[in-house]
1. What number of residues within the range 49-71 satisfy the criterion of being open to solvent by 100 Å² or more (accessible area, probe 1.4 Å) and among the polar types (S, T, N, Q)?
2. Do the conditions hold for F42, that is, is it exposed (fewer than 10 other Cβ atoms within 10 Å of the Cβ) and aromatic (F, W, Y)?
3. May I ask you to verify whether S55 is free of Cβ contacts under 8 Å to residues at least 24 places away in the same chain and in contact with a strand residue (DSSP E or B) (Cβ under 7 Å, 6 or more places away or on another chain)?
4. Please list, ordered by first then second residue, the pairs with beta carbon atoms under 8 Å, 6 or more apart or interchain, first in the range 1-19 and more than 19 Å from V47 (Cα to Cα), second of a type in the set (A, V, I, L, M, F, W, C) and open to solvent by less than 30 Å² (accessible area, probe 1.4 Å).
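The values are calculated or read from the model by the stated rules, or taken from the named source; none is laboratory data. Quick caveat, the model's predicted, so the values are computed rather than measured. Every residue, glycine among them, receives a Cβ derived from its backbone with ideal geometry; neighbour counts consider all protein chains shown. Side chains included, ligands, DNA and RNA excluded: accessible areas come from the protein's heavy atoms. Shrake-Rupley method; radii C 1.70, N 1.55, O 1.52, S 1.80 Å.
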Amino acid sequence: LVLRLSVNVEEAVYRDQMRDKVGPKDPSYVRFRHNTANQPHFSKCTVLDFDTSDSLENTLLSVKQELWKFL
């Protein structure tokens, strides 16, 4: 079972700006990395895709609901 989490690029840029981290925050780098991310292919696994644009609480609830189906 593979859990694949994703977020849209604008949310990724926003979250990067909100992070408490040392160094410059570069939206163009986040956009570049988001657009060039390589998605692996899982041919022999069940893949569950989750959009993490919602709150952490709602994302966790969605993940838990789907995981219970496999237990």
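1. Summing the residues that are open to solvent by 100 Å² or more (accessible area, probe 1.4 Å) and among the polar types (S, T, N, Q) in the range 49-71 gives 1.
2. Spelling it out, it is not the case that F42 is exposed (fewer than 10 other Cβ atoms within 10 Å of the Cβ) and aromatic (F, W, Y).
3. no
4. Taking only residues 6 or more apart or on different chains, the pairs are V9/V30; A12/V30; V13/V30; D16/V30.
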